[in-house]
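Engineer: I have a structure here, written as structure tokens, and I will follow up with some questions on it.
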Amino acid sequence: MAEHADHTAQPSTHPAYPVGLRLTGRRVVVLGGGQVAQRRLPALIAAGADITLISPSATPSVDVMAETGEITWIRRRYEEGDLADAWYVLVATTDAATNAAASAEAERSRTWCVRSDDAEAATAWTPATGRSEGVTVAVLTGHDPRRSATVRDAIVEGLRDGSIAAPQHRARTPFVALVGGGPGDPDLITVRGRRLLAEADVVIADRLGPRDLLDELPPHVEVIDAAKIPYGRFMAQEAINNALIELAKAGRSVVRLKGGDPFVFGRGMEEAQALAAEGIACTVVPGISSSISVPGAAGIPVTHRGVAHEFTVVSGHVAPDDPRSLVDWASLAKLTGTLVILMGVDKIGKIAEALIAHGKAPETPLALVQEGTTAAQRRVDATLATVAETVRTQEVRPPAVIVIGEVVAEGPDRLVS
């Protein structure tokens, strides 16, 4: 066989050889400015390629890439010689003859060429790609791009949520992360939060954190119940701060798993400040706050057009008549929007009295959502005037989110999850 035999359009039974192209600063030519180019260009731009687009027209998104200088756009049809000095070519016009001619030029110049119209005539295929924390996943399944995308998505999702264990075997920098676990349903933690859990050496967990996630951790991960940290001469929060500091200084990767969001009545800033005072950096991973998610799971929108244009979140752990209270209950009573109270089940009687005393209507609807987003979720409705008795007779217990306002009367009692 001749050394330079023509391989064009010859179907092959051999698998493609996977390789990662380093295109930074290297010339890449894209022919055609339609939907294929619109999908492929962002990855080429991210790779740092020197991109020339040759096409008489382009989609608005591609046009913006040219206007912002991310690509160079030559507004005409392909001509022989356009691929000179290119390292990589994407042929994606709607004209078969143009595609064939460009593909032939690429073949002669030994430039890797992807064709959107004829994979068998191409010298390269574009894999379905995805990225997760420095890992690039590229999947090729021959002529089944949907299957490639499905496999890619499954792998990337597994890496992100920790269901695919891929520990770093080279030296890695220990970390401390304050992770918001969401309202209780383990599916409602963020992707990043779940991934950091999978990478942790130690997890210090709150009682209200998503406990089901702890069962999914690898066996080597040490789980510490924050409620059981020995306090000794320390206050509870101070003891937790000290535990975070000691574990970090010992070179452990630590996740402080909290319910809801670390900075919404989660005392996360106290922990971040304590770590910073010792020169220890930490990552804060926001969580879905129960102040919004729990009412939503119970069919209550905290805002609704024509009903409420605002919502206010208040801690109810201190009663209105307690000198430690920082809440202006008189001002809250005057608001027409929604009032969401966290940690207020045992103080709701006094809270209701204060709101009524400052002008809130006694018949204002109210709902208590206990164990929101979990299998034990329970909604109990009342009014400001009846809530104290309702909590007693219905035996409502923490954790429960209290929603006060006209939005309580909107929507179904429970949404399908």
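The values are calculated or read from the model by the stated rules, or taken from the named source; none is laboratory data. Predicted, not measured: the structure shown is a model, and the values here were computed from it. FYI the Cβ positions are ideal-geometry reconstructions off the backbone, even for glycines, and counts take in every protein chain you see. Ligands, DNA and RNA are excluded from the accessible area calculation, which covers all protein heavy atoms including side chains. Shrake-Rupley method; radii C 1.70, N 1.55, O 1.52, S 1.80 Å.
Engineer: Only one of these is surrounded by fewer than 21 Cβ atoms within 10 Å (Cβ to Cβ) and on the phi > 0 side of the Ramachandran plot: E353, E395. Name it.
Structural biologist: Details: E353 fails: on the phi > 0 side of the Ramachandran plot.
Going through E353, E395 in turn, just one is surrounded by fewer than 21 Cβ atoms within 10 Å (Cβ to Cβ) and on the phi > 0 side of the Ramachandran plot: E395.
Engineer: If you scan segment 64-76, which residues turn out to be in a helix (DSSP H, G or I) and in contact (Cβ under 8 Å) with a residue 12 or more places away in the chain?
Structural biologist: As a first pass, look at segment 64-76 and keep what is in a helix (DSSP H, G or I): 64-67.
Within segment 64-76, M65, A66 qualify.
Engineer: Please work out if T374 is in contact (Cβ under 8 Å) with a residue 60 or more places away in the chain and either buried (at least 22 other Cβ atoms within 10 Å of the Cβ) or of a type in the set (S, T, Y) (or both).
Structural biologist: When the stated conditions are applied, T374 passes them.
Engineer: Considering only residues of segment 115-131 that are in contact (Cβ under 8 Å) with a residue 40 or more places away in the chain and in contact with a Ser or Thr (Cβ under 7 Å, 6 or more places away or on another chain), which is least open to solvent (accessible area, probe 1.4 Å)?
Structural biologist: Ranking the candidates gives A121 first.
Engineer: I've got another one for you. Mind checking which residues of segment 183-196 are polar (S, T, N, Q) and either open to solvent by 50 Å² or more (accessible area, probe 1.4 Å) or more than 17 Å from the chain's Cα centre (by Cα) (or both)?
Structural biologist: none
Engineer: Quick one: is S109 over 24 Å from R27 (Cα atoms) and either of a type in the set (S, T, N, Q) or open to solvent by 60 Å² or more (accessible area, probe 1.4 Å) (or both)?
Structural biologist: no
Engineer: Among the strands (runs of 3 or more DSSP E) confined wholly to segment 197-275, which include 1 or more residues that are open to solvent by less than 20 Å² (accessible area, probe 1.4 Å)?
Structural biologist: Because the criterion is at least 1 residues that are open to solvent by less than 20 Å² (accessible area, probe 1.4 Å), the strands (runs of 3 or more DSSP E) in segment 197-275 that meet it are 202-205, 254-258.
Engineer: Another question, if that's okay. For the list (1) under 30 Å from E199 (Cβ atoms); (2) open to solvent by 60 Å² or more (accessible area, probe 1.4 Å), I need the number of the one condition that R39 fails.
Structural biologist: (1)
Engineer: Scan segment 79-97 for residues that are acidic (D, E) and open to solvent by less than 40 Å² (accessible area, probe 1.4 Å) and jot them down.
Structural biologist: Residue satisfying the conditions is D82 alone.
Engineer: A further question on this structure: Can you confirm whether G296 is surrounded by 13 or more Cβ atoms within 10 Å (Cβ to Cβ), closer than 20 Å to E238 by Cα and not hydrophobic (A, V, I, L, M, F, W, C)?
Structural biologist: Judged against the criteria, G296 is not a match.
Engineer: Would you confirm whether or not segment 333-351 contains a residue that is outside any loop (DSSP other than H, G, I, E, B), hydrophobic (A, V, I, L, M, F, W, C) and either in contact with a Phe, Trp or Tyr (Cβ under 7 Å, 6 or more places away or on another chain) or free of Cβ contacts under 8 Å to residues at least 12 places away in the same chain (or both)?
Structural biologist: Looking for residues that are outside any loop (DSSP other than H, G, I, E, B), hydrophobic (A, V, I, L, M, F, W, C) and either in contact with a Phe, Trp or Tyr (Cβ under 7 Å, 6 or more places away or on another chain) or free of Cβ contacts under 8 Å to residues at least 12 places away in the same chain (or both), one finds at least one in segment 333-351, hence yes.
Engineer: V221: modelled with pLDDT of 95 or more and more than 19 Å from the chain's Cα centre (by Cα), yes or no?
Structural biologist: no
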